[in-house]
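The values are calculated or read from the model by the stated rules, or taken from the named source; none is laboratory data. All values derive from a computational prediction rather than experimental measurement. Here the Cβ positions follow ideal geometry from the backbone for every residue, glycine too, while neighbour counts run over all protein chains shown.
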Amino acid sequence: MNTETRGKELTCSDCGGTFTFTEREQEFFREKGFSEPKRCKSCRDRRKMDRGGGGGSRRGGY
């Protein structure tokens, strides 16, 4: 069975929509010691953009 399609339904704390937290994602979060996500992917992406693009280092540039 495909692990991408099985998982747990969660509710986004921003938009209130539901999203699937797949078994693969659950395993990754468990390995990293992360708690379950509170936001769906589109709300996470929007939040990253609002905060300056997200990802990468915060050490500055040239």
**Request:** Pairs only if they're at least six apart or on different chains, beta carbon under 8 angstrom, first in the range 5-27 and farther than 21 Å from Arg46 by Cα and of a type outside the set (Val, Ile, Thr), second in a strand (DSSP E or B) and modelled with pLDDT of 95 or more; list them, first residue then second.
**Result:** Arg6/Thr22; Gly7/Thr20; Gly7/Phe21; Gly7/Thr22; Lys8/Thr20; Lys8/Phe21; Gln26/Lys8
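Hey, could you check the range 1-16 for residues that are over 12 Å from Lys38 (Cβ atoms) and surrounded by 12 or more Cβ atoms within 10 Å (Cβ to Cβ) and say which is modelled with the lowest pLDDT?
Filtering the range 1-16 for residues that are over 12 Å from Lys38 (Cβ atoms) and surrounded by 12 or more Cβ atoms within 10 Å (Cβ to Cβ), the one modelled with the lowest pLDDT comes out as Thr3.
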**Request:** Give the residues of the range 31-54 that are surrounded by 13 or more Cβ atoms within 10 Å (Cβ to Cβ) and part of a helix (DSSP H, G or I), sorted by residue number.
**Result:** Ser42, Cys43, Arg44, Arg46
**Request:** May I ask you to list the residues in the range 12-30 that are polar (S, T, N, Q), in contact with a Cys (Cβ under 9 Å, 6 or more places away or on another chain) and part of a strand (DSSP E or B)?
**Result:** Thr18
